[in-house]
Amino acid sequence: MDTGYSFARPKQSRLTAIKVLITCNRERSHMRIQPLCILAVLAFVPNANAENLSPSDLTRLVRQDCGSCHGMRLTGGLGTPLTREALAGRSPESLTATILYGRPGTTMPAWKSLLSVAQAEWISARLLEGFPEESR
Amino acid sequence: MRSLAYLVFCVLLALLLGACTASLPIRGTGDLGLVIERADGAVTLVNTSVKAPYGRVDGLGDLSHASVVYSRDARYAYVFGRDGGLSKIDLLESRLVKRVMQSGNAIGGSISQDGRIVVAQNYTPGGIKAFDAESLELLSEVPAEYAPGKFSKVVGLADAPGNRFAYALFDGGEIWVSDFSNPQSPTTRKFPAGKNPYDGLITPDGRYYLAGLFGEDGIAKLDLWQLEKGSSKILENYGRGEEKLPVFKMPHLRGWSLAAGRVWLPAVGRHEVLVADARTWKEVSRVQVKGQPVFAMASPDGRQVWVNFAHPDNGWVQVIDTLTGQVIKTLQPGKAILHMEFTTRGEAVWISARDDNRVVIVDTRSFEQIGGFEVNAPSGIFFTARSARIGF
């Protein structure tokens, strides 16, 4: 299996939208979204497109590399649990923002240098529905 | 009648002989060890003399971030799993002896100076738990309650002489030293560490406990010979004024960092290994390396320090010569290098390449690959030489 990542560069319009979201998030203490923020995101973010995405690479990245803090089964470690149950009630947009920009003051780094917006969106959506296992 | 008795005798003799041939040859465990298969909840048992696996034990639960300590006689391995499982494995009989679920989320463990107490460090519920090394029965626990009702994740647990254990509280920002002279009722002393200690180590002589800090630049230091002097900080502000890179994987510390009279420590969020004098604790130099270091491991003779790196530079390994403080070799042993372990006297280093599903064995003089074998998603490699070391 080829595990060399080929990540697309983030698209600027979507980045701007996510930044708006981050700003909104910071106004509330723990990443809850205000209706206006969601509107802003919906206006700027097209549906996650599949180009340049390799789901098996991303699955491996999440299970193995995110897993070094969140646990391979995503049940938590130094990082918080990322199971479907643990993330219940979180919006995909806020997860995407956390992935791309990290959470300042915590150990969660910004992944925007390694992941495109579409890839972060794909990961958020999969996390919320229960993240897939790696196929061998 | 006599022929019947003779027949019974023969059958018994045959059974006895069969039992003898099936039993194990007498052997030591000094050249044995194991490799964690993080995705399969299994360990591959290995022999470093023949450079090959000889057995496998599975059914050990979630082994992502698993670590291992060895019994005093180096026959039994205690495997600490992410899911709070503690498994005792017999290296000679290649079997699981006992397994207990001791917490909800664990990160590692240690074994006491006298070999009778195995201690696990836990994230959930935050604290440490002590077990009888023979039976794995719970002896006592120390909840990491750093403020009323607030429990911290525990990191950097290491054994210290006197059946004591030193560890750091990630959320509490403290170093605790628990004395298990009476295993049923440990006593604990607490010292300030700094913001978010992420791991710790004890120097090979058992004297100093060092805790690396994530929330600030610096290392907390505690002299275990003179606890009354309290903790202090070294390498403070090593990155002052510079922007930290995002940290995709937390560095790891263990008692391998002392070499050539200096400590060699991974810098957090920087492509550097920090070097401090082990007597004055002042910064001596920094070594520029390929990425953010995860492990900086000194060879047993202290002549080399081998460094691996966080994602996305985890395909590289670099070797620092401790005499000159220069990188003398850059290797690409495989995809996603997670761990390295030196053989007891350091002629070779075993390297786990997770995404190649392979353990690679490299000669430490020629840097040539001298062996290797397939293992599914290998992570930690642990040899029995650890059983004789302080701080493990």
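The values are calculated or read from the model by the stated rules, or taken from the named source; none is laboratory data. Note that the coordinates shown come from a computational prediction; the quantities given were computed from them, not determined experimentally. Using ideal geometry, Cβ is built from the backbone for each residue, glycine included, and neighbour counts are taken over all protein chains shown.
Taking segment B:237-269 as the range and being among the aliphatic types (A, V, I, L, M) and in contact with a strand residue (DSSP E or B) (Cβ under 8 Å, 6 or more places away or on another chain) as the test, the residues that pass are B:M250, B:L253, B:L258, B:A259, B:V263, B:L265, B:A267, B:V268. Restricting segment B:54-66 to residues that are under 22 Å from B:D31 (Cα atoms) and surrounded by fewer than 24 Cβ atoms within 10 Å (Cβ to Cβ) leaves a set whose member that is farthest from the other protein chains (Cβ to nearest Cβ) is B:Y54. Restricting attention to segment A:52-99, which residues are part of a loop (DSSP other than H, G, I, E, B), free of Cβ contacts under 8 Å to residues at least 40 places away in the same chain and hydroxyl-bearing (S, T, Y)? If the condition is that a residue be part of a loop (DSSP other than H, G, I, E, B), free of Cβ contacts under 8 Å to residues at least 40 places away in the same chain and hydroxyl-bearing (S, T, Y), then A:T75, A:T80 are the ones that fit.
Residues being within 11 Å of another protein chain (Cβ to nearest Cβ) and under 19 Å from A:G71 (Cβ atoms): count how many of those fall in segment A:104-136. Residues flagged as within 11 Å of another protein chain (Cβ to nearest Cβ) and under 19 Å from A:G71 (Cβ atoms) within segment A:104-136 amount to 7. Does A:L95 fit the bill of being within 14 Å of another protein chain (Cβ to nearest Cβ) and either under 22 Å from B:P246 (Cβ atoms) or crowded, with 17+ Cβ neighbours inside 10 Å (or both)? So A:L95 does not fit the description; no.
Restricting attention to segment A:74-92 and to residues that are hydroxyl-bearing (S, T, Y) and over 12 Å from the mean Cα position of the chain (by Cα), the residue that is nearest to the other protein chains (Cβ to nearest Cβ) turns out to be A:T75.
Which members of segment B:174-199 meet the condition of being within 14 Å of chain A (Cβ to nearest Cβ) and crowded, with 19+ Cβ neighbours inside 10 Å?
Keep residues of segment B:174-199 that are within 14 Å of chain A (Cβ to nearest Cβ), which gives B:195-199.
Within segment B:174-199, B:N196, B:P197, B:Y198, B:D199 qualify.
Please specify each residue of segment B:81-115 satisfying the condition of being basic (K, R), outside any loop (DSSP other than H, G, I, E, B) and crowded, with 17+ Cβ neighbours inside 10 Å. Write out each step before concluding.
Keep residues of segment B:81-115 that are basic (K, R), which gives B:82, B:88, B:95, B:98-99.
After this cut, where a residue has to be outside any loop (DSSP other than H, G, I, E, B) as well, the list is B:88, B:95, B:98-99.
Listed by number, the residues that qualify are B:K88, B:R99.
Tell me yes or no: at least one residue of segment B:270-278 is closer than 24 Å to B:L169 by Cβ, surrounded by fewer than 20 Cβ atoms within 10 Å (Cβ to Cβ), modelled with pLDDT of 95 or more and charged (D, E, K, R). No, because not a single residue in segment B:270-278 is closer than 24 Å to B:L169 by Cβ, surrounded by fewer than 20 Cβ atoms within 10 Å (Cβ to Cβ), modelled with pLDDT of 95 or more and charged (D, E, K, R).
Going by the structure shown, is B:V273 of a type in the set (A, V, I, L, M, F, W, C) and under 19 Å from B:G194 (Cβ atoms)? Reasoning before the result, please.
Working: of a type in the set (A, V, I, L, M, F, W, C): yes; under 19 Å from B:G194 (Cβ atoms): no.
It is false that B:V273 is of a type in the set (A, V, I, L, M, F, W, C) and under 19 Å from B:G194 (Cβ atoms).
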